[in-house]
Amino acid sequence: MLTDILQWYGAIAGAIAALIVSLDLGRRWTGFGFVIFVTSSIALIGWGFLNPEAKGIGTQNIILLVINLIGVYRYLIRKKAT
C-alpha cells in the first residue's frame, strides 16, 4: 500500500513538475516546479528502496534529487544576476 502511494505520487508529481518547467512561466513558477520534482524524487527514492525490484529507480532519484535541489536554489533562493 505505501509503496503504491509512493510510486504513483512520484510518477504524477514528476509529470506535473515537468509540465510546469516546460511551460517557462518565469523563475518563480519554474522554482515551484523544481520543488515538486524534489518531492517526486523523495517519493521515488522511498519506493525504489522499499521495493526490491526498483533499486535502480531509487538510485537514479538520489542523483535527480541533487539536480532538483540545485534547481530550487537557482530559481527560488539565489538572487538573479543583474
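Miscellaneous remarks
- Candidate set: region 34-55, residues that are touching a residue at least 40 places away in the same chain (Cβ under 8 Å) and under 16 Å from the mean Cα position of the chain (by Cα); chosen: the one nearest to D4 (Cα to Cα): W47
- Test for A54: is it in contact with a Gly (Cβ under 6 Å, 6 or more places away or on another chain) and at pLDDT 95 or above: no
- Verdict on T30 being buried (at least 18 other Cβ atoms within 10 Å of the Cβ), part of a helix (DSSP H, G or I) and more than 11 Å from the chain's Cα centre (by Cα): yes
The values are calculated or read from the model by the stated rules, or taken from the named source; none is laboratory data. Here the structure is a predicted model, which means the values were calculated and not measured. Virtual Cβ from ideal backbone geometry, glycine too; neighbours counted across all protein chains shown.
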